[in-house]
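Engineer: I have a structure I would like to understand better, so I am pasting it below and will then ask my questions one at a time.
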Amino acid sequence: MTSANLDDTSYELTLFVNGASELSARAIANVRQICDVYLDGRCRLVIINLHDDPESLLTMGILAAPTLVKHRPLPVRKLIGDLSQTERVLLALDVPRAHPTPATRG
C-alpha cells in the first residue's frame, strides 16, 4: 500500500520560483516528485515564475523564492527552499505516511 492510498485528501499547492535558476529547477523537480510519489492523483500543482508574475510577491506575501504554498487542506503553509528534504516537506504538508513494512524496517 502506498501513502497515496492512506487518505483521499486533495492538496492544492503553488510553487513560486525565480526564473530558470538551478535552485528553481531543483525545487520544481523535488515538488513534482513529491506530488507523483506521495500525492499521486490527489495534488493540483501550479508553478508561478515571479519574473512573469511579479505581482504575486505582494498578493501572496512571498518573501523569497522558491516558496511552496499549501492552500489546501488547511492550514495554509509556506515552505522556502529547494524542497530537497522530503521527510520535512511531507511533515510540513501534513501528508500521512504509510507505516514501514517488515521488509523496510531497519
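The values are calculated or read from the model by the stated rules, or taken from the named source; none is laboratory data. Values in this document were obtained by computation on a predicted structure and should not be read as measured data. We place every Cβ from the backbone using ideal geometry, glycine too, and count neighbours over all the protein chains shown. Accessible surface is based on the protein model in full, side chains and every heavy atom, while ligands, DNA and RNA are left aside. Shrake-Rupley method; radii C 1.70, N 1.55, O 1.52, S 1.80 Å.
Engineer: Check 21, 10 and return the single one that is touching a Cys at 6+ places or on another chain (Cβ under 8 Å), open to solvent by 40 Å² or more (accessible area, probe 1.4 Å) and either within 16 Å of residue 85 (Cα to Cα) or modelled with pLDDT of 90 or more (or both).
Structural biologist: 10
Engineer: If only one of 44, 32 is surrounded by 13 or more Cβ atoms within 10 Å (Cβ to Cβ), of a type in the set (D, E, K, R) and in a helix (DSSP H, G or I), which one is it?
Structural biologist: On inspection, the qualifying residue turns out to be 32.
Engineer: Continuing with this model, one more query. Tell me whether region 51-62 contains one or more residues that are of a type outside the set (A, V, I, L, M) and under 15 Å from the mean Cα position of the chain (by Cα).
Structural biologist: no
Engineer: Go through region 26-64 and give me each residue that's of a type in the set (A, V, I, L, M, F, W, C) and more than 24 Å from residue 94 (Cα to Cα).
Structural biologist: Residues satisfying the conditions are 50, 57, 58.
Engineer: Scan 74, 83, 91, 58 and give me the residue that is in a loop (DSSP other than H, G, I, E, B), without any contact (Cβ under 8 Å) to a residue 40 or more places away in the chain and either in contact with a His (Cβ under 6 Å, 6 or more places away or on another chain) or not small (Gly, Ala, Ser) (or both).
Structural biologist: Answer to the selection: 74.
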